[in-house]
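Single-structure report; data block below.
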Amino acid sequence: GRRKEPSLAFTLAKTFGSTYVLGALFKLAQDLLGFVGPQLLKLMINYTSDKTIPSWQGYFYAVLLFVTAVIQSLCLHQYFHRCFKVGMRVRSAVIHAVYSKSLRLSNKARKTSTVGEIVNLMSVDAQRFMDLTLYFNMIWSAPLQIVISLIFLWFTLGPAIFAGFAVMVLMTPINFAIAAISKRFQAKQMILKDSRIKLVNEILNGIRVIKLYAWEIPF
């Protein structure tokens with residue numbers, strides 16, 4: 001039968017997916033707990049303004065606010081710990097895979113892949129995999145936070161929230177345009193890095209040949 005093409009994303013997800021999903025659960029808990037604090041503050045403000053509320057409720061709200069902040073901080077630290085751990089492992093795995101593959105390249109493949117491209121894969125691109133693990137959860141976390149924030153703001157401010165929401169929507173195309181420009185500059189930067197590494201490698205190879213044949217005096 002036809003050989004199935006290997007998938008880097010599937011392999012990484014199968015290897016490190018369980019640890020990353022657990023970190024995502026900590027991120028979800030941290031996001032949800034972030035909205036508990038303002039609600040507790042609202043209850044505490046009502047407690048200070050209403051003298052008929054028993055005093056034990058004020059102490060209860062204060063203790064609950066402290067416990068919520070502690071748990072939120074613990075969840076955030078656990079999330080970053082697991083993301084950093086997964087990111088380091090992914091980076092190491094990608095560098096190992098690229099380096100192992102570079103040692104087995106045929107002469108024909110070496111002509112199509114320069115030393116600069118291989119070095120960039122092991123240094124720059126592998127580092128981007130690590131950076132991606134920290135911010136990938138924002139794909140679902142950011143919309144969730146926006147939706148919950150809008151719901152709470154609706155009950156507090158009413159229709160006035162649409163002014164801020166409109167500004168946020170109008171800023172989205174600008175952010176996409178800035179991201180596209182940044183991507184183009186990064187692509188040009190990678191080409192320049194590749195050329196620089198290739199030139200340095202050629203210079204070092206030339207120096208090595210001169211040293212091996214003791215041609216320092218003629219040159």
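The values are calculated or read from the model by the stated rules, or taken from the named source; none is laboratory data. If you're wondering where the values come from, they're calculated on a predicted model, not measured in any experiment. Note: ideal-geometry Cβ built from the backbone for every residue, glycine included; neighbour counts use all protein chains shown. Just the protein is used for accessible areas: all its heavy atoms, side chains included, with ligands, DNA and RNA removed. Shrake-Rupley method; radii C 1.70, N 1.55, O 1.52, S 1.80 Å.
With all protein chains present, how much of the accessible area of segment 99-208 (probe radius 1.4 Å) comes from carbon and sulfur, to the nearest whole percent?
The computed percentage sits at 72.
Which of Phe152, Leu64, His96 sits farthest toward the positive end of the charge dipole of segment 9-164, with +1 on the Cβ of Lys and Arg and -1 on the Cβ of Asp and Glu?
Sorting the options by dipole projection puts first His96.
Any chance you could get the radius of gyration and Dmax over the Cα atoms of segment 113-219, in Å?
When restricted to Cα atoms, segment 113-219 yields Rg and Dmax of 25.2, 84 Å.
Calculate, in whole percent, how much of the Cα-Cα pair population of segment 3-55 lies beyond 13 Å.
More than 13 Å apart: 73 percent of the Cα pairs in segment 3-55.
Two decimals is fine: what is log10 I(q)/I(0) at q = 0.18 Å⁻¹ for segment 1-90, from a Debye sum with one equal scatterer on every Cα and no solvent?
Result of the Debye calculation: -0.82.
To one decimal place, what Kirkwood hydrodynamic radius in Å is obtained for the chain from all pairs of distinct Cα atoms?
Result for the chain, one decimal place: 22.9 Å.
Assigning unit charges at the beta carbon (Lys, Arg +1; Asp, Glu -1) and nothing else, what dipole magnitude in debye, to the nearest 20, does segment 84-208 show about its Cα centre?
740 debye
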